[in-house]
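Novice: Take this structure, written in structure tokens, and hold onto it; I'll ask about it next.
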Amino acid sequence: MAFNKSSKRGLKIIIVGCGKVGRTLVDRLSKEGHDIVVIDKNQDRIDNLTNLYDIMGIQGNGASYSIQVEAGIKDADLIIAVTNSDELNLLCCTIAKQVGDCASIARVRNPDYSKEISYLQEKLGLVMIINPELEAAREISSILSLPSTLEVSSFAHGQAELVEFQIEEGNVLDGLTIRDLSSNISSKVLITAVKRGNDIVIPTGDFILRADDIVSAVGARRFARTFLYEIGFKTRQVKDCLIVGGGKASFYLAKLLLQARINVRIIERNKERCEELSIALPKATIINGDGGDESLLREEGIEYVESFVPLTGIDEENILLTLYANQVSNAKVVTKVNRISFDNVLSQLNLGSVVYPRHITAESIIAYVRAKSASGDGDDILTLYHLFDQKVEAIEFNISEKSKAVGVPFSVLQFKDNVLIAFINRNGTIIIPSGSDTIEVGDTVMVVTTHTGFATILDTLR
């Protein structure tokens, strides 16, 4: 099979597996102009995607040499294996490396492999191994470390944090302009984006913050936290967490929370799984029961627990448990949503912090694909997050070579509208830039924008 004629910067990509993550990747990557072939054993899944998107589909085993050749592996730039089987994903990538000269990415979720990721990646020659459950657990853990936030994202290898929070009535920020922020707040942070109702704004200095605005702010990690403290938000991590569901994400989350000295209880209905978790997590309390049983939840103290995380395999159950917890307790609740894609509807339910494993997976892969399509090596984008229902992108660029963006004061550079340079990371020091600052080779630079598709720092310029 020959690929369709691709756009100037489009890559030839094979995606093996048309489940939740595969569908999300097809949606995002096809919109960015890449040439895609999907492989899946289920013809109905293929038909659903090929009817919606301008892509090709092949029914069969993605680890089959002949199927990969038919899909165009010899001319492909990248293969992404996201089937439900870790072993099959690794085999797909191994065969692809033997047949073609393409980069490869595998989804690997089993905790048995989690300690061997670096080894597997190096020995099999993979550019990336992605674990959605582990990444979701890390995101939830970050939120529980700052429970007054809706979302916490790390940049600059953890040196900088972007925090998302909602302004309450009477808060010091209510009625304050962005320009006056520095004279009222000592912490060096930058307001990067504001959601007001259905509108998203990259604010200028005269923008006035209001109660109920959802705000994202970025700064050095210590300043992001002191900023929240200064404006009256709690910055102490939670003391305990009640988790419903004992799957992979629960295991990873419990492990992270226990390392942070947070007490963990897990409710799991499968007795055999409870026994496995008891052995794997000896410091956690494992309860065998139905997490959807109101009397059991009350018995386990849902009314008094500091945080509650429903991690069942059913989105609807997670959402109902969140709504119930919000009704009967003051717990910080984080909801994992795997399958449901009605983001606008979910945002109306006031669920608070919502984590989407499929989006986390897609963002890591898209960051690599964008950078590879621009430079060929995939190193230009270090981090990519989508904010506010995918309407805003926060991108951390690696400045690896001299260009017309380097060495020129920001006051002279002409950036596109709705582009904000949020920080410069220079040798581990986070700089909130002024007009006299410049970008230099070796820096990483974070950009917040309502545009989509930026692959290098030059894309931000007019």
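Novice: When you scan region 21-140 for helices (runs of 4 or more DSSP H) that lie fully inside it, which ones turn up with 2 or more residues that are farther than 19 Å from LEU11 by Cβ and among the aliphatic types (A, V, I, L, M)?
Specialist: Details: elements: 43-52, 65-71, 86-99, 111-114, 117-124.
Helices (runs of 4 or more DSSP H) meeting the threshold: 43-52, 86-99, 117-124.
Novice: Ok, one more. For region 90-119, give me each residue that is farther than 18 Å from SER64 by Cα and out of contact with any helix residue (DSSP H, G or I) (no Cβ under 7 Å at 6 or more places or on another chain).
Specialist: Those that are farther than 18 Å from SER64 by Cα and out of contact with any helix residue (DSSP H, G or I) (no Cβ under 7 Å at 6 or more places or on another chain): ASP112, LYS115, GLU116, ILE117, SER118, TYR119.
Novice: How about region 344-369: which of its residues are modelled with pLDDT under 90, on the phi < 0 side of the Ramachandran plot and more than 15 Å from the chain's Cα centre (by Cα)?
Specialist: ASN344, VAL345, LEU346, SER347, GLN348, LEU349, LEU351
Novice: For region 372-401, name all the residues that are within 17 Å of the chain's Cα centre (by Cα) and open to solvent by less than 40 Å² (accessible area, probe 1.4 Å).
Specialist: Here is the first cut: in region 372-401, the ones within 17 Å of the chain's Cα centre (by Cα) are 381-397.
Of everything in region 372-401, those that are within 17 Å of the chain's Cα centre (by Cα) and open to solvent by less than 40 Å² (accessible area, probe 1.4 Å) turn out to be ILE381, THR383, LEU384, HIS386, LEU387, PHE388, VAL392, GLU393, ALA394, ILE395, GLU396, PHE397.
Novice: For region 173-201: of the residues being part of a loop (DSSP other than H, G, I, E, B) and open to solvent by less than 20 Å² (accessible area, probe 1.4 Å), which is modelled with the highest pLDDT?
Specialist: Kept after step one, since they are part of a loop (DSSP other than H, G, I, E, B), are these residues of region 173-201: 173-176, 178-180, 185-188, 197-198.
Subsequent filtering for residues that are open to solvent by less than 20 Å² (accessible area, probe 1.4 Å) retains 173, 185, 187.
Working: LEU173: 94, ILE185: 83, SER187: 80.
So, considering only residues that are part of a loop (DSSP other than H, G, I, E, B) and open to solvent by less than 20 Å² (accessible area, probe 1.4 Å), the one modelled with the highest pLDDT is LEU173.
Novice: Collect the residues in region 157-183 that are out of contact with any helix residue (DSSP H, G or I) (no Cβ under 9 Å at 6 or more places or on another chain) and more than 14 Å from VAL215 (Cβ to Cβ), keeping them in residue-number order.
Specialist: Keep residues of region 157-183 that are out of contact with any helix residue (DSSP H, G or I) (no Cβ under 9 Å at 6 or more places or on another chain), which gives 157, 164, 166-171, 174-175, 177-183.
Of everything in region 157-183, those that are out of contact with any helix residue (DSSP H, G or I) (no Cβ under 9 Å at 6 or more places or on another chain) and more than 14 Å from VAL215 (Cβ to Cβ) turn out to be HIS157, GLU169, GLY170, ARG179, ASP180, SER182, SER183.
Novice: I need every pair where a residue in region 203-225 that is open to solvent by 40 Å² or more (accessible area, probe 1.4 Å) has its Cβ under 6 Å from the Cβ of a residue that is in a strand (DSSP E or B), sequence separation at least 6 or different chains.
Specialist: Close Cβ pairs (under 6 Å, with a partner that is in a strand (DSSP E or B)) amount to ASP206/THR177; ILE208/THR177; ARG221/GLU161; PHE223/VAL189.
Novice: Given ASN84, ASN51, which one is farther than 24 Å from ILE129 by Cβ, among the polar types (S, T, N, Q) and open to solvent by 40 Å² or more (accessible area, probe 1.4 Å)? Walk me through how you get there before you give the answer.
Specialist: Details: ASN84 fails: farther than 24 Å from ILE129 by Cβ.
Result of the check over ASN84, ASN51: ASN51.
Novice: While we're here: Which condition from (1) under 25 Å from VAL215 (Cα atoms); (2) in contact with a Ser or Thr (Cβ under 7 Å, 6 or more places away or on another chain); (3) free of Cβ contacts under 8 Å to residues at least 60 places away in the same chain is the one that GLY291 breaks?
Specialist: The failed condition is (1).
Novice: Please indicate, with yes or no, whether at least one residue in region 251-263 is more than 24 Å from the chain's Cα centre (by Cα) and either surrounded by 15 or more Cβ atoms within 10 Å (Cβ to Cβ) or closer than 30 Å to LYS391 by Cβ (or both). Spell out how you get there, then give the answer.
Specialist: If we filter region 251-263 for residues that are more than 24 Å from the chain's Cα centre (by Cα), which is where we start, we get 261, 263.
In the following step, the residues that additionally are either surrounded by 15 or more Cβ atoms within 10 Å (Cβ to Cβ) or closer than 30 Å to LYS391 by Cβ (or both) were identified as 263.
The answer is yes, given that some residue of region 251-263 is more than 24 Å from the chain's Cα centre (by Cα) and either surrounded by 15 or more Cβ atoms within 10 Å (Cβ to Cβ) or closer than 30 Å to LYS391 by Cβ (or both).
Novice: Then there's this: Considering only region 148-169, I want to know if a residue exists there that is over 26 Å from LEU351 (Cβ atoms), open to solvent by less than 10 Å² (accessible area, probe 1.4 Å) and either in contact with an Asp or Glu (Cβ under 7 Å, 6 or more places away or on another chain) or assigned to a helix (DSSP H, G or I) (or both). Steps first, please.
Specialist: Let us first name the residues in region 148-169 that are over 26 Å from LEU351 (Cβ atoms), namely 156-160.
Among the residues that remain, those that are also open to solvent by less than 10 Å² (accessible area, probe 1.4 Å) are: 156, 160.
Within this subset, residues satisfying the condition of being either in contact with an Asp or Glu (Cβ under 7 Å, 6 or more places away or on another chain) or assigned to a helix (DSSP H, G or I) (or both) are 156.
For region 148-169, residues over 26 Å from LEU351 (Cβ atoms), open to solvent by less than 10 Å² (accessible area, probe 1.4 Å) and either in contact with an Asp or Glu (Cβ under 7 Å, 6 or more places away or on another chain) or assigned to a helix (DSSP H, G or I) (or both): present.
Novice: Okay, moving on. Which residue is most open to solvent (accessible area, probe 1.4 Å), if the candidates are limited to region 272-329 and must be part of a helix (DSSP H, G or I) and of a type in the set (S, T, N, Q)? Reasoning before the result, please.
Specialist: Taking region 272-329 first, the residues part of a helix (DSSP H, G or I) are 272-280, 294-299, 315-328.
Now narrow it down to the ones that are of a type in the set (S, T, N, Q): 278, 295, 318, 322, 326-327.
On the way: SER278: 56, SER295: 74, ASN318: 0, THR322: 0, ASN326: 69, GLN327: 149 Å².
In this case the residue turns out to be GLN327.
The values are calculated or read from the model by the stated rules, or taken from the named source; none is laboratory data. Here the structure is a predicted model, which is why all the values come from computation and not from measurement. We place every Cβ from the backbone using ideal geometry, glycine too, and count neighbours over all the protein chains shown. Remember, those area values only see protein heavy atoms, side chains included, never the ligands or the DNA or RNA. Shrake-Rupley method; radii C 1.70, N 1.55, O 1.52, S 1.80 Å.
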